[in-house]
């Protein structure tokens with residue numbers, strides 16, 4: 001007996017229709033942590049990832065259902081993780097990728113065709129200010145699997161690309 005995930009499929013949350021067949025492409029996944037069953041552990045773990053431009057949290061359906069029982073929607077989970085994946089500005093700006101990528105992005109350099117992934121005011125913050133590590137819209141939750149993991153994995157990815165499979169038929 002297959003039990004479905006409690007939330008809408010990933011492609012629907014990204015703007016596609018439920019009945020559309022969509023392939024999701026996630027790239028750049030060299031950092032990951034795994035099998036955490038609390039949102040706090042996920043948020044604290046991913047706050048240490050280098051070059052934190054995007055994060056995909058892969059959640060088993062049973063873990064997703066346990067979060068629903070606690071009153072969380074998928075959007076609530078994304079918000080919670082984004083809100084709690086933090087560091088001080090001093091820690092954030094000390095990263096090698098800050099100088100190479102994040103600093104220039106804060107100053108207006110486009111990345112993935114988007115400017116200002118992080119708020120511009122980060123440039124004016126003192127070292128002890130607490131900042132969100134990830135751009136808000138780049139924290140995504142995807143329910144995957146078939147009741148085998150009962151946990152989660154967090155992967156550092158670039159912003160997901162999606163395409164309708166029907167275009168290839």
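Read-outs throughout are calculated quantities, based only on the coordinates presented, and are distinct from any laboratory measurement. What you see is a predicted model; the values in this text were computed from it and never measured. Cβ atoms come from the backbone with ideal geometry, glycine included; neighbour counts cover every protein chain shown.
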FRET efficiency estimate (nearest 0.05) - Cβ-Cβ, residue 48 to residue 17, R0 41 angstrom: 0.65
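Full extension from residue 112 to residue 40: what is 0.36 nm times the residue separation minus their Cα-Cα distance, to one decimal in nm?
Extra length available between residue 112 and residue 40 comes to 23.0 nm.
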Among [x] 127; [y] 111; [z] 154, the value of volume of the Cα convex hull per residue in Å³ computed for this structure carries the label [x]
Among 121, 32, which comes first, second and so on when ranked by fewest other beta-carbon atoms within 10 Å? 121, 32
Order these by the 10 Å Cβ neighbour count, fewest first: 124, 60, 76. 124, 76, 60
Between the alpha-carbon centers of segment 40-69 and segment 83-152, tell me the distance in whole angstrom. 14 Å
